[in-house]
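Taking it in order: structure first as structure tokens, then the write-up.
The values are calculated or read from the model by the stated rules, or taken from the named source; none is laboratory data. Just so we're clear, the structure is a prediction, and the values are computed from it rather than from any experiment. Here the Cβ is made from the backbone with ideal geometry for all residues, glycine too, and neighbour counts use every protein chain on show. Surface accessibility is based on the protein's heavy atoms, side chains included, excluding ligands, DNA and RNA. Shrake-Rupley method; radii C 1.70, N 1.55, O 1.52, S 1.80 Å.
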Amino acid sequence: MNFIVKDVEQFQAQKQFIDTAIVPLVQLDFSDQGIKQSSSASEYLMTLTNFIEQQFKGRLLLFPPFSYTTGTKSDNMPATMEKELKEAGFKAVVFITCDHSWTEFKEYLNIIWLPAIPLESMDQGVKQRILEDQLKQVIPTFTKIWV
């Protein structure tokens, strides 16, 4: 389910089944060399999280990405957001990112780090296979959370 009115209404009606929130963490870099890499990572992350949402529809709610720059990044943000989402009824909150620096919080938060894969120059078949491979890597994390 996505963070759109129709899906949120369904979420409210079926909260007991939709128990997991996914929050993409997207780093923005506006430097000349960083902006292309940043946009590529964002495209990959959004494509992947949408793919995950499609596979687990009815079990999780995909939130809009939390975007930040080096100057606006807050180490407290994920824990604060997790607390608020759990207060809203989610049993599990999963953050997915291509920014390796978030892995230092894996001890107490569900953070999935994946290296950004540039999808922009791939044909649809290759892109689909890559997304399926990435999904296979994240399924164990979700399974561990849901057990």
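Extension gain, residue 57 to residue 12, is 14.7 nm, computed as 0.36 nm per intervening residue step minus the present C-alpha separation.
At what distance in angstrom do the alpha carbon centres of the range 1-67 and the range 94-124 lie from each other? Using only Cα atoms to place each centre, the spacing works out to 12 Å. Ligands, DNA and RNA left out, the 1.4 Å accessible surface of the chain is 53% carbon and sulfur atoms.
The calculated FRET efficiency for residue 121 paired with residue 100, based on their beta-carbon distance and R0 = 30 Å, is about 0.85.
Taking the chain as the region of interest, the number of lysine pairs whose Cα atoms are within less than 21 Å, with members eight or more places apart or on different chains, is 27. Between residue 87 and residue 74, full extension at 0.36 nm per residue minus the direct alpha carbon distance yields a gain of 2.6 nm. Mean silhouette area of the range 53-147, derived from the convex hull of its C-alpha atoms and averaged over all directions, reads 7.3 nm². Contact order for the chain, expressed relative to its length and based on alpha carbon pairs under 8 Å spaced 6+ residues apart, stands at 29 percent.
Between residue 145 and residue 107, the contour length at 0.36 nm per residue exceeds the alpha carbon distance by 12.3 nm. In the range 1-99, Rg over Rh equals 1.01, where Rg is the alpha-carbon radius of gyration and Rh the Kirkwood radius from pairwise Cα distances.
Annotation for the range 29-83: chymotrypsin sites (Phe, Trp or Tyr not before Pro) lying in DSSP loop with at most 15 further Cβ atoms inside 10 Å of their Cβ are 30.
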